[in-house]
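Trainee: Questions regarding the structure given below will be posed in turn.
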Amino acid sequence: MPPYPEDTAFLIVDVQRDFCPGGALAVADGDAVVPVVNRLAPHFRTVVLTQDWHPPGHASFASGHPGATPFSMTDMPYGPQVLWPDHCVQGTPGAAFHPDLDTARAQMIVRKGFHPGIDSYSAFFENDHTTPTGLAGYLSDRGVRHVVIAGLAFDFCVLWSALDARKVGLAVTVVEDGCRAIDLDGSLDAAMDRMREAGVTVTGADALAA
Ligand code: VGL
Ligand code: ZN
């Protein structure tokens, strides 16, 4: 019997090859989240994976912006946007889940970032903050009121997923040691502050799986 009630879901964000060492947008120590996530997943009845899933030439790729370098900023119609190295291109090996990630327990995979002109960090809304992915409806239809979140990267896709989960009325816990950060210009500290201001609980995996 899992220790978590049925109204609590585990949301595993973007544990994909391209965000792990050797990948196109490698997060330092990114693969260290895999054993943490695998240990926690059996405690939940509802497990959802997200998968960053961009078409070739996606608007968030620096390669399509003449003169721009990866990790610089640009202005999109929906606001400021970091330009990334090409990553998680649909159907490529880099877009696959980390080979050691236990995906068998997941009932739902949310693919995001597939609109050519809009990036999508959050599992709930794209970066225009209005286009829904459908995850809020899926969770609400299944009676979920609390999400526990782990994955990559703490200061981008985990951050925005946590903030949007709060926005749609869910209680949110982020597993600190089940995440790793990109940490671009202080984004790790800023993410921690924003999560705490939004009422997100940030805690360790040991406290959750004890
Ligand atoms: C992510 C940058 C670009 C993430 C995805 O998963 O945090 N970051 N695409
Ligand atoms: Zn992306």
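The values are calculated or read from the model by the stated rules, or taken from the named source; none is laboratory data. What you are looking at is a predicted structure, and each value in this text was computed from that prediction instead of being measured. Using ideal geometry, Cβ is built from the backbone for each residue, glycine included, and neighbour counts are taken over all protein chains shown.
Trainee: In the set 164, 155, which member is free of Cβ contacts under 8 Å to residues at least 60 places away in the same chain, among the charged types (D, E, K, R) and farther than 22 Å from residue 17 by Cα?
Mentor: 164
Trainee: Check off (1) in contact (Cβ under 8 Å) with a residue 60 or more places away in the chain; (2) buried (at least 22 other Cβ atoms within 10 Å of the Cβ); (3) within 12 Å of ligand 1 (Cβ to nearest atom); (4) more than 14 Å from the chain's Cα centre (by Cα) for residue 86 and give me the number that stays unchecked.
Mentor: Tallying (1) in contact (Cβ under 8 Å) with a residue 60 or more places away in the chain; (2) buried (at least 22 other Cβ atoms within 10 Å of the Cβ); (3) within 12 Å of ligand 1 (Cβ to nearest atom); (4) more than 14 Å from the chain's Cα centre (by Cα), residue 86 fails exactly one: (2).
Trainee: Another question, if that's okay. Between a first residue in segment 45-56 that is under 18 Å from residue 19 (Cβ atoms) and within 13 Å of ligand 1 (Cβ to nearest atom) and a second residue that is at pLDDT 95 or above and small (Gly, Ala, Ser), which pairs have beta carbons less than 6 Å apart while being 6 or more apart in sequence or on different chains?
Mentor: Filtered contacts from segment 45-56: 49/106; 50/123; 52/113; 53/113; 54/113.
Trainee: Could you tell me whether segment 57-70 includes any residue that is of a type outside the set (A, V, I, L, M, F, W, C), within 20 Å of residue 149 (Cβ to Cβ), touching a residue at least 60 places away in the same chain (Cβ under 8 Å) and within 13 Å of ligand 1 (Cβ to nearest atom)?
Mentor: no
Trainee: Now for a separate question. Quick check: is even one residue across segment 21-31 surrounded by 18 or more Cβ atoms within 10 Å (Cβ to Cβ), within 13 Å of ligand 1 (Cβ to nearest atom) and part of a strand (DSSP E or B)?
Mentor: No, segment 21-31 has no match at all.
Trainee: Within 19 Å of the chain's Cα centre (by Cα), at pLDDT 95 or above and more than 20 Å from residue 159 (Cα to Cα), is that true of residue 69?
Mentor: It is false that residue 69 is within 19 Å of the chain's Cα centre (by Cα), at pLDDT 95 or above and more than 20 Å from residue 159 (Cα to Cα).
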